Amino acid sequence: MDAVLAGLRRHARQLVAEVAGPVRRVRLRSGDTVLEVEWHGTAAAETGRAPDAPAVAPAPQGPGPRPASPTGRIEVRSPMVGTFYRSPEPGAAPFVTVGDLVRPGQVVGIVEAMKLMNEVTAERAGRVVEVLVDDGRPVEYDQPLVALDPA
């Protein structure tokens, strides 16, 4: 586990160095190991870079679903900045399509960041009513990816 965590730390440093603009939060996952770094204060905003000594804390299980509109839809959101993929590999069937019922913990997509494939899972059950991001498109942290009607 220490080797996996060290690799995630290295990827986090590379990612922060390559991103243009201020970085406030980075979350990386490899299997069951999650590294989340969040900077507090104004150092990141003033310099456009993260401070040298970030605090590392246990990561929550993603940004979580929240209502997308007054209609009560739930949004599955991106846990990080990266590229969104709807299927596990090119040419394969997508994880979910409009009309599918999903259960909590079911994979609905992948976000690739720094050559790491990070599964995006639904935190609540529901029916897929819309896929909000096209396959292979860049996404931002906390960007809505899939809209669900609660089940």
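The values are calculated or read from the model by the stated rules, or taken from the named source; none is laboratory data. Keep in mind that what you see is a predicted model, and the values were worked out from it rather than measured. With ideal geometry, Cβ positions are generated from the backbone for all residues, glycine too; neighbour counts draw on all protein chains shown.
Return a yes/no flag: does the stretch 59-76 have any residue that is under 12 Å from ARG27 (Cβ atoms) and either among the polar types (S, T, N, Q) or modelled with pLDDT of 95 or more (or both). Full working, then the answer.
Just the residues of the stretch 59-76 that are under 12 Å from ARG27 (Cβ atoms), to begin with: 59-63.
After this cut, where a residue has to be either among the polar types (S, T, N, Q) or modelled with pLDDT of 95 or more (or both) as well, the list is 61.
Yes, the stretch 59-76 contains a residue that is under 12 Å from ARG27 (Cβ atoms) and either among the polar types (S, T, N, Q) or modelled with pLDDT of 95 or more (or both).
Restricting the search to the stretch 71-97, which residues are of a type in the set (Gly, Ala, Ser) and under 18 Å from TYR141 (Cβ atoms)? Once the filter is applied, which keeps residues that are of a type in the set (Gly, Ala, Ser) and under 18 Å from TYR141 (Cβ atoms), the stretch 71-97 yields SER78, GLY82. Could you pull out the residue among GLU130, GLU123 that is among the charged types (D, E, K, R), under 10 Å from GLU75 (Cβ atoms), out of contact with any helix residue (DSSP H, G or I) (no Cβ under 8 Å at 6 or more places or on another chain) and not assigned by TED's automatic domain parsing to the domain that holds GLN14? Only one candidate passes the filter, namely GLU130.
Could you check the stretch 89-126 and list, in sequence order, the residues that are more than 11 Å from the chain's Cα centre (by Cα), within 25 Å of VAL26 (Cβ to Cβ) and surrounded by 15 or more Cβ atoms within 10 Å (Cβ to Cβ)? Break it down into steps so the answer makes sense when it comes.
The initial filter retains those residues of the stretch 89-126 that are more than 11 Å from the chain's Cα centre (by Cα), namely 89-108, 114-116, 122-126.
Keeping just the survivors that are within 25 Å of VAL26 (Cβ to Cβ) gives 95, 105, 107-108, 114-116, 122-123.
Passing the criteria: PHE95, VAL108, MET114, LEU116, ALA122, GLU123.
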